[in-house]
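*Asks:* Please find one structure pasted underneath; my questions will follow.
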Amino acid sequence: MTTSERAPEPGNAWLEIVRRPTLDSFAQAFSKDCVLEAVVLATPLRGVRAVRRFFQATRAMYDDIAFLHELHAERRVCLEWAGLFQGREISGATILVSDAHGAILGIRLYHYPPDQQTAFASDLTRRLVNVAEESSTATGVDNENDG
């Protein structure tokens, strides 16, 4: 099998979306009413802006992360991942649910083990507050909602 015939590395398409530099380019992959549910969040996040804010906050949190497996079933993609957070092992799964046109409607994100899940959630809460404050300061408005 040549390089051009190999299947893409697990998570490549998802990482390309998460790394998009602008809200507009990020939003192209999502339904306007997308929802992010995660065990590290007290409540789901709704709307593209809130989802992007989440990934802006979490990108710097991992010491290392790699996608191990990618499975496709109908309108779902399941990504299994593992990495390091605060120097300790963390792993989990990301499930993407899409509409008939391929736009992401929902994201479900799971972290393991429980002690790392708790530590991650605590750090994430602090970072989300900081990202929200920076966003409000930069624009002079609260950017919590998309519409």
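The values are calculated or read from the model by the stated rules, or taken from the named source; none is laboratory data. The structure presented is a predicted model; accordingly, all values stated were derived computationally and were not measured. As a convention, Cβ positions derive from the backbone with ideal geometry for all residues, glycine included, and neighbour counts pool all protein chains shown.
*Asks:* Quick check: is even one residue across region 47-56 touching a residue at least 40 places away in the same chain (Cβ under 8 Å), among the polar types (S, T, N, Q) and assigned to a helix (DSSP H, G or I)?
*Replies:* Yes; the residues of region 47-56 include at least one that is touching a residue at least 40 places away in the same chain (Cβ under 8 Å), among the polar types (S, T, N, Q) and assigned to a helix (DSSP H, G or I).
*Asks:* Right, here's the next one. Yes or no: region 54-77 includes at least one residue that is modelled with pLDDT under 95, touching a Lys or Arg at 6+ places or on another chain (Cβ under 6 Å) and among the small types (G, A, S).
*Replies:* The answer is yes, given that some residue of region 54-77 is modelled with pLDDT under 95, touching a Lys or Arg at 6+ places or on another chain (Cβ under 6 Å) and among the small types (G, A, S).
*Asks:* Something else now. Would you be able to tell me the number of residues in region 10-45 that are over 18 Å from T58 (Cα atoms), part of a loop (DSSP other than H, G, I, E, B) and touching a residue at least 40 places away in the same chain (Cβ under 8 Å)?
*Replies:* Within region 10-45, residues that are over 18 Å from T58 (Cα atoms), part of a loop (DSSP other than H, G, I, E, B) and touching a residue at least 40 places away in the same chain (Cβ under 8 Å) number 2.
*Asks:* Which of the residues that make up region 85-108 are closer than 15 Å to I17 by Cα and part of a strand (DSSP E or B)?
*Replies:* Of everything in region 85-108, those that are closer than 15 Å to I17 by Cα and part of a strand (DSSP E or B) turn out to be T94, I95, L96, V97, S98, I104, L105, G106, I107.
*Asks:* Does region 64-84 contain any residue that is hydrophobic (A, V, I, L, M, F, W, C), under 15 Å from the mean Cα position of the chain (by Cα) and assigned to a loop (DSSP other than H, G, I, E, B)?
*Replies:* No, that holds for no residue.
*Asks:* For region 109-122, indicate whether the set of residues that are part of a helix (DSSP H, G or I), surrounded by 18 or more Cβ atoms within 10 Å (Cβ to Cβ) and touching a Lys or Arg at 6+ places or on another chain (Cβ under 7 Å) is non-empty.
*Replies:* Yes, region 109-122 has at least one match.
*Asks:* For residues that are at pLDDT below 95 and among the hydrophobic types (A, V, I, L, M, F, W, C), scanning just region 1-41, find the one that is surrounded by the fewest Cβ atoms within 10 Å (Cβ to Cβ).
*Replies:* Selected residue: M1.
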